[in-house]
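The values are calculated or read from the model by the stated rules, or taken from the named source; none is laboratory data. Small disclaimer: the values here were computed from a predicted structure and weren't measured. Neighbour counts run over all protein chains shown; Cβ positions are idealised from the backbone, glycine included. Remember, those area values only see protein heavy atoms, side chains included, never the ligands or the DNA or RNA. Shrake-Rupley method; radii C 1.70, N 1.55, O 1.52, S 1.80 Å.
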Amino acid sequence: MRRTTVLGPADQRDVRAEDLEAQDPAACPLVVEAARGGSTALQVRPEDPDAFGRDASDAPVLVRANVTSLLCVPLTLDGAVQGVLTLFRTGPRLAFSMAEAQTMDMMSRHIALTLGNLGRP
């Protein structure tokens, strides 16, 4: 496993994109579970602060980023997981809804198809 892209707000003070880029995705139980099991995880107020691993300062990423809900979606093509997409909601924003989770599930299928078609004529 390797992390290829991290996007986030430029003004994020608690957790920077560079901190997450440096993190080993194999140290993120949610990512590993999605990659192995191929199922989406929607969590509101995640109970396990270590579910997304720890940052370079050894602080739980979910606590440091003030994550109030998250979606962890596998990118599956022909039954094989090609990658995992994780989205955080932080601070006072509303939690991800079931409708948003369903939309991300559909989008993940399109992303996986696109990944599968890269390099094809």
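Shape of the stretch 51-108 from the C-alpha gyration tensor: oblate (a/c of 1.5 or more and a/b not above b/c, with a ≥ b ≥ c the square roots of its eigenvalues). Surface composition of the chain: carbon plus sulfur atoms contribute 52% of the solvent-accessible area (1.4 Å probe, protein chains only, all chains present).
Ordering 24-34, 85-95 by mean Cβ neighbour count within 10 Å, with the highest value first, yields 24-34, 85-95. Compute the long axis of helix 98-117 from its Cα atoms, compare it with the longest principal axis of the Cα atoms of the chain, and write down the angle in degrees, 0 to 90, nearest 10. So the helix axis and the longest Cα principal axis differ by about 50 degrees. Calculated accessible area for the chain comes out at 65 Å² per residue, all protein chains present (probe 1.4 Å; ligands, DNA, RNA ignored).
Using C-alpha pairs under 8 Å with a sequence gap of at least 6, the mean separation divided by the residue count of the stretch 1-91 gives a relative contact order of 25 percent.
Once you have the Kirkwood Rh of the stretch 17-85 from its Cα pairs, apply Stokes-Einstein at 4 °C and 1.567 mPa s and quote D in µm²/s. Display every interim value, and only then the final one.
Details: Rh = 12.4 Å.
Taking Rh from Cα pairs, D becomes 104 µm²/s.
For Thr76, the solvent-accessible surface computed with a 1.4 Å probe is close to 50 Å², ligands and nucleic acids excluded. Note on the chain: along the principal axes its Cα atoms extend 43, 30, 27 Å, ordered by decreasing extent. Accessible-area rank, largest first, for Met104, Met98: Met98, Met104, with all protein chains present and a 1.4 angstrom probe.
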